[in-house]
Amino acid sequence: MTTTAQRTEGTTVTPARQYYRVKDAAEVLGVPPRTLYHLAEREQIPCRRLGTVILIPAAWVEREPAMPPKRR
């Protein structure tokens, strides 16, 4: 995962995330990971593949609205 960090006067700024793994993106979006795997396999969402790892751009994950919590 590619990240960049900046240091300003003794404090470290948390790195900006460029990609999410499917599991992390699913948590942010509030959907099951299998849904994102399915969409990635059918090329319906932007993603990068590194071997068996699927990475989803952080810009897309943070732009998409999260699913509302399920009612019980």
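The values are calculated or read from the model by the stated rules, or taken from the named source; none is laboratory data. This is a predicted model, so every value here is computed, not measured. Note that each Cβ is placed from the backbone with ideal geometry, even for glycine, and that neighbours are counted across all protein chains shown. Areas reflect the complete protein model, heavy atoms only, side chains present, ligands, DNA and RNA absent. Shrake-Rupley method; radii C 1.70, N 1.55, O 1.52, S 1.80 Å.
If Arg21 satisfies all but one of (1) in contact with a helix residue (DSSP H, G or I) (Cβ under 7 Å, 6 or more places away or on another chain); (2) open to solvent by 80 Å² or more (accessible area, probe 1.4 Å); (3) at pLDDT 95 or above, what's the number of the condition it fails?
(1)
Out of the residues in region 24-72 that are surrounded by 16 or more Cβ atoms within 10 Å (Cβ to Cβ) and part of a loop (DSSP other than H, G, I, E, B), which is nearest to the chain's Cα centre (by Cα)?
Cys47
Looking only at region 24-61, count how many residues are among the charged types (D, E, K, R) and in contact (Cβ under 8 Å) with a residue 12 or more places away in the chain.
1
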